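What follows is a set of notes on a single structure, which appears directly below.
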Amino acid sequence: MIAVLLSAQPLSQDPTIRTGKLKNGLTYYLRHNAKEAGLADFYIAQKVGSIQEEPRQRGLAHFLEHMAFNGTKHFPGKGKQLGIVPWCETIGVKFGANLNAYTSVEQTVYNISAVPLKREGILDSCLLILNDWSHYLLLEDAEIDKERGVIHEEWRTRRAGRAVQRLMELAMSKVYKGTKYEDCMPIGSMDIVDNFPYQDLRDYYHKWYRPDLQAIIVVGDIDVDKVEKKIQKLFSKIPMPKNPAKREYYPVGDNDKMIVDIEKDAEQPIVLCHLYQKRDATPDNEKNDEKYLRGDYIDNLIGTMMNDRLAELRQQTIPPYQSATGRASTFFISRMKESFSLSVSCQENNVLGGIIAAVGVVERARQHGFTASELQRAKSLKLNHDERKYRERDDRRNSKYVSAITANFLNGEPLISIDDQLELTRRFDREVTLEEVNNAVRELVTDKNQVAIMYAPDKEGLVLPTEQQIESVILAAQQLSYAPYPEPEIAEHLINQLPKPGSIVSEKAFKHGFSEWTLSNGMKVYVKKTDFAADAVSMRIQADGGASVFGDEDIPNFHLMNSAITDAGVAQFDATTLRRMLSGKSVRIQPSVSSRGQVLSGGVSLKDMPTMFELAYLYFTQPRRDTVAFASLVNRTHAFLTNRNASPRVDYNDSVRAIIYNHHPRLEPVKQETLEKVDYDRILQLYRYLYSDASNFKTVIIGNYDEQQLRQLVCQYLAALPATHKNEQVNWKNVPQIVEGSKVCRFRKKMNTPLANVGIYYSADVPFSPQSDLELDFLKRCLSIAYTDSVREEKGGTYGVSVDFDLNKDDKPNAMLRISYNAAPERYDELNPIIYQQLANIAKNGPVASSMDKVKKYLVKQYQQAAITNDYWSYVIWHELDDDADFDKDYCKMVEEMTAEKVQRMAQRLLDAHRCIEVTMLSE
């Protein structure tokens, strides 16, 4: 953090969080939180990661994380003794969603989340799992060998189609040359993963998994005193090793000469340049004071103001870059260095120009600082954020507390209460001066100790700058003199003259606690007051029609419509001005046109309700025409399309759409020649037509609003919208539908990482109902369990098989089941039959009883979590309005009454429809 002239003032820890340390060195954190009634989260955080590996162990920190789910002392997974995953699923804790872990360079964290504490034995068992993870993994030879394939497929999945990850690994060897970070990515070496001796993994485990580097975290609807005693009794038995290895935090040196590295990959679609200006990180033991938080506050302000200027430059007719951001951050992946980092997405025909322009924005801020009005907007944004966080302090989910606690244990971040955080923010808001901020900019931004990394496409005809050229233009741009930033005046009001208000002409009670208001212009408004979030209101205004209303000659215009409207701003305010006017407000709302409808959706804090309604009114009545913004959008889209198909994944997704929807012209990807046919005036004409008839729209408003204020705003703005009563509907002839019949389409493509990318799509007409939706959900989840057992665990053939479904009332056919996975191409012939066989097995014999039981427990628990959110009730009401179907009524009863026969029948329907399309891409 930037140093400021303050004496260190220690901060008080949040008194609602109990912490302690056992004699063996283990730390624990406990917090009661009743927001999610009857649920708790259990975590073990460890101050070790891949940086602790020896060369012979590359990848074993991450491998060990996997092994924690494959046999422990009390959950061996043998005979009648369940393993951790199957035991957790018996109580409704789903592997992946609620039961998971991650390994990074510096830390490893395991979690059992959203645990339903229906009996004390569940709490005891979860603590026992954490205890086993800490010290009692079995690490048996056979289980290690089975997991090698899974890890290899995770490596394949992460690398395939993600060129940046491959490029990042290459860059590390130069950026961190001579340091421990030179080769430390958690996924590691596949040669080691495939062949390491068993003892190497056990050596890492016994050396680094130990109580002085571990913290137990339990947050939720718990008795803190009782849980504390249980932790003290259980975890005190874990021995602390004699003469433990020192946990080192490895340094990263400074450099006088700029380090420059260019890495290229044929599958990298864009030119990305990252500039880092390094400085030493604040030691963990110096973070728990006001000086640190004040520096963090100032860094936040600088990032906000810098990014506003960088975004403004992007709006030019011929933008110098695709996008750019700058902020204070850690340096690349190392904890012991921080940096100011500038990231620039460059255009291929102007790489150096984009770098020069972005560096110029940063350098101008260093030379002249920011303006008083910029600072005031940034302060307002931060203050508004923390005030809203305070107002919603009783709505915090368990995960929010866990995030703060893990940051405290692993990184030394202060663990203060929301009350104290707001008090500090308000004080900083009053005390921090423009001079202090501008002095901090000059300390943060420098021309010393710099690292520049470029990730670029490797393709014929692309001429990239040399490392010397990159260094030269950056240094030259930093030596230029820049004029002070010209600060434009910002209007105070979005609407100077209010529209003539309409009225609510009738109202009645509706389902699910909603009220239906009919407005004088014919619009129907459905409102539901909730207290799930103390300071949040959501609004969605929606009508049928969308692009289906217009002919195929407008297809080029559909592609850019949404961006063309939002990039222009609204009314007389361009996008930059509008963004600045909304600083300090918690409001988001924007229009969107899809193939079958048009929407205006957003959310807001209570104090900014008027602003949301003003924006809604303006987006309906005064979309803005901005030829500069549109030209910028077209030019940036041209630049993006230059190398759009570099990633094989893009070609694959294009192929899936083309095959499933029979090459429907409305689903064709945007091409360079498409842009030449786009007509901006026609886009505006289409948009105005779609938003010209308020009577065709339904509006849903959910949240903790004041009803008197809401009525006034609805009448003033929504009821004042024009209406033509033309009752536009979806033109289904223009909506793509799934092709009939079955087919298998395989093709080959050159790939950097050998891969079989497989998607299997079943479609059928089924009765549209909540019951059918639930049957499909059960089928999806039972299939997922079967695939995890067979394809991942038994065969070690894939990192995971994804299963999902859609059920849409008006589509023909109306149901689709999607199954997809990645694997080694040489294993496609072995694994693919299993994918088909598992679905056929459910259709023939039904799902196994244990899978049905796991799904039931998970869905009941998930319902209890969802039903206390505004989003859930939005989902329910829109099904009522669009489909005349009640997706909430007796949901848990329907879950409990679901039978294997019903799920079997749904699987049979999908197979009997004889509509199965497989699209497979294999590497050459």
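What FRET efficiency, computed as 1/(1 + (r/R0)^6) with R0 = 30 Å and r the Cβ-Cβ distance, is obtained for LYS80 and VAL860, rounded to the nearest 0.05?
Once the sixth-power term is evaluated, E becomes 0.70.
Only Cα pairs under 8 Å and at least 6 apart count here; give the relative contact order of the stretch 535-605 as a rounded whole percent.
Reported as a whole number, the value is 52 percent.
Work out from phi, with θ = phi - 60° and the Karplus expression 6.51 cos²θ - 1.76 cosθ + 1.60, the ³J(HN,Hα) of each residue of the stretch 749-755, listed in order in whole Hz, and give x for Gly and Pro.
8, 5, 9, 5, 10, x, 7
Quick check: at a probe of 1.4 Å, how many percent of the accessible area of the stretch 10-165 sits on carbon and sulfur atoms?
51 percent
Beyond 21 Å between alpha-carbons counts as too far, so tell me which of LYS94/LYS812; LYS389/LYS607; LYS529/LYS809; LYS230/LYS856 fall in that bin.
Listed pairs above 21 Å: LYS94/LYS812; LYS529/LYS809; LYS230/LYS856.
Got a sec to turn the phi values of the stretch 885-891 into Karplus ³J(HN,Hα) couplings, 6.51 cos²θ - 1.76 cosθ + 1.60 with θ = phi - 60°, whole Hz, x for Gly and Pro?
Residue by residue, the stretch 885-891 yields 9, 9, 8, 9, 4, 6, 4 Hz.
Of the listed peptides 912-919, 668-675, what is their order by residue-averaged count of other C-beta atoms within 10 Å, with the highest listed first?
Descending mean neighbour count gives 912-919, 668-675.
How far apart, in nm, are the 7 Å Cα→Cβ label points at ASP765 and LYS844?
2.9 nm
Going Cα to Cα from LYS857, which aspartates and glutamates come in below 16 Å? Please leave out same-chain ones fewer than 8 positions away.
Partners found: GLU89, GLU775, ASP777, ASP890, GLU896, GLU897.
With θ set to phi - 60° and the Karplus curve 6.51 cos²θ - 1.76 cosθ + 1.60, what are the ³J(HN,Hα) couplings of the stretch 99-114 in order, to the nearest whole Hz, using x for Gly and Pro?
Values, residue by residue: 10, 7, 6, 9, 10, 10, 5, 10, 8, 9, 9, 10, 9, 10, 10, 6 Hz.
Using a 1.4 Å probe, how large is the accessible area of HIS368, given in Å² and rounded to the nearest 10?
Approximately 80 Å² of HIS368 is accessible to the 1.4 Å probe.
Dipole size in debye (nearest 20) for the stretch 754-874 around its Cα centre, Lys and Arg Cβ +1, Asp and Glu Cβ -1?
Dipole size: approximately 300 debye.
Pairs of Cα atoms under 8 Å, at least six residues apart: use those to get the relative contact order of the chain, whole percent.
Value for the chain: 14 percent.
Only helices at least 24 Å long along their axis, Cα-based, and averaging 1.6 or more on Kyte-Doolittle count here, so list those DSSP H runs from the chain.
Membrane-span-like by this rule: not one helix.
Once you sort the root eigenvalues of the Cα gyration tensor of the stretch 640-680 as a ≥ b ≥ c, which label holds: rounded (a/c under 1.5), prolate (a/b larger than b/c) or oblate (the other case)?
Here the stretch 640-680 falls in the oblate category.
Under 17 Å between alpha carbons, and skipping anything fewer than 8 positions from LYS795 in its own chain: which lysines qualify?
Leaving aside lysines fewer than 8 places away in the same chain, those within reach of LYS795 are LYS146.
Could you provide, to the nearest whole Å², the per residue accessible area of the stretch 713-767 with probe 1.4 Å?
Here the residues of the stretch 713-767 average 48 Å² of exposed surface.
Using 31 Å as the Cα-Cα cut-off, could you pick out the over-long pairs in LYS287/LYS400; LYS21/LYS278; LYS379/LYS500; LYS524/LYS854?
LYS21/LYS278; LYS379/LYS500; LYS524/LYS854
Excluding ligands and nucleic acids, what accessible area in Å² is computed for ARG579 using a 1.4 Å probe, to the nearest 10?
It works out to around 90 Å².
Might you tell me the accessible area per residue for the stretch 147-218, computed with a 1.4 Å probe and given in Å²?
With the other protein chains kept in place, the stretch 147-218 gives 35 Å² per residue.
Could you sort 46-52, 493-499, 219-225 so that the peptide with the highest average Cβ count within 10 Å comes first and the rest follow in order?
Top of the packing list down: 46-52, 219-225, 493-499.
Determine the relative contact order of the stretch 453-561: mean sequence separation of Cα pairs under 8 Å and six or more apart, normalised by residue count, in whole percent.
In percent, rounded to a whole number, it is 11.
How far is the Cα center of the stretch 318-371 from the Cα center of the stretch 762-831, in Å?
43 Å
The values are calculated or read from the model by the stated rules, or taken from the named source; none is laboratory data. This is a predicted model, so every value here is computed, not measured. Cβ atoms come from the backbone with ideal geometry, glycine included; neighbour counts cover every protein chain shown. These area figures cover heavy atoms from the full protein model, side chains too; ligands, DNA and RNA do not enter into them. Shrake-Rupley method; radii C 1.70, N 1.55, O 1.52, S 1.80 Å.
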